[in-house]
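What follows is a single structure, written as structure tokens, with notes after it.
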Amino acid sequence: MKILMVCLGNICRSPLAEGIMQDLSDKNNLGWEIDSAGTGNWHVGEGPDRRSVKIAHKRGVPIGHQKCRQFRLSDFDEFDHIYVMDRSNLGDVLALAPNKQAAQKVKLLLGDKEVPDPYYDDMQFAPVFDLIEEGCKKIVKELVQ
Ligand code: 4NP
């Protein structure tokens, strides 16, 4: 199973989602491959935001090795599931979907809720980590059934 996590910058939320989901897969011997990408290209080649690295480290999920990349059309073929953080990401990714099959792979990570962008508020990184972890655990339960 290959899963892609997508947000706007690929430096705050989706690196956390990649790290948390990879950790859940590894700990449960699921053999899944997780990656992340941003709809924007401002931070391509950079590591995750230091505030995401810090909260992830604190919770035992190292993400410092990740490198930012932009979402690309071939991701629709490469991945089985594409999880986005908010409705803006959802609109941006769906606008690129070449067909219905591709569009059906794209879902909000939290199902019916958004993971808010913590970029402008240092205090949001811990609650955002918790939200993403909750969403990832739920997805593991759904997909493993
Ligand atoms: P992210 O947060 O989408 O969770 O990675 C953001 C990071 C950077 C920017 C926007 C959102 N930015 O505009 O540079």
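The values are calculated or read from the model by the stated rules, or taken from the named source; none is laboratory data. The shown structure was predicted, so the numbers you read here are calculated from the model rather than taken from an experiment. For neighbour counting, all protein chains shown are included, and Cβ atoms are generated from backbone atoms with ideal geometry for every residue, glycine included. Remember, those area values only see protein heavy atoms, side chains included, never the ligands or the DNA or RNA. Shrake-Rupley method; radii C 1.70, N 1.55, O 1.52, S 1.80 Å.
Values as computed for the structure displayed
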{"quantity": "Positions within segment 18-41 being within 14 Å of the ligand (Cβ to nearest atom) and out of contact with any Gly (no Cβ under 8 Å at 6 or more places or on another chain), in sequence order", "calculated": "Glu18, Gly19, Ile20, Ser36, Ala37, Thr39, Asn41"}
{"quantity": "Residues being of a type in the set (A, V, I, L, M) and either touching a Ser or Thr at 6+ places or on another chain (Cβ under 6 Å) or within 8 Å of the ligand (Cβ to nearest atom) (or both) - total across segment 116-127", "calculated": "0"}
{"quantity": "Qualifying residue in segment 126-141 (condition: within 24 Å of Gly45 (Cα to Cα), more than 14 Å from the chain's Cα centre (by Cα) and open to solvent by 60 Å² or more (accessible area, probe 1.4 Å))", "calculated": "no"}
{"quantity": "Enumeration of residues in segment 104-143 that are basic (Lys, Arg) and free of Cβ contacts under 8 Å to residues at least 24 places away in the same chain", "calculated": "Lys113, Lys141"}
{"quantity": "Cross-chain or 6+ apart pairs with Cβ under 8 Å, segment 10-31 first and open to solvent by less than 30 Å² (accessible area, probe 1.4 Å), then modelled with pLDDT under 95", "calculated": "Gly19/Pro62"}
{"quantity": "Residue ranges of helices (runs of 4 or more DSSP H) in segment 42-105 with at least 2 members surrounded by 11 or more Cβ atoms within 10 Å (Cβ to Cβ) and within 12 Å of the ligand (Cβ to nearest atom)", "calculated": "50-58, 87-94"}
{"quantity": "Residue satisfying all of: in segment 106-125; within 15 Å of Ser14 (Cα to Cα) and of a type in the set (Phe, Trp, Tyr); surrounded by the fewest Cβ atoms within 10 Å (Cβ to Cβ) among these", "calculated": "Tyr119"}
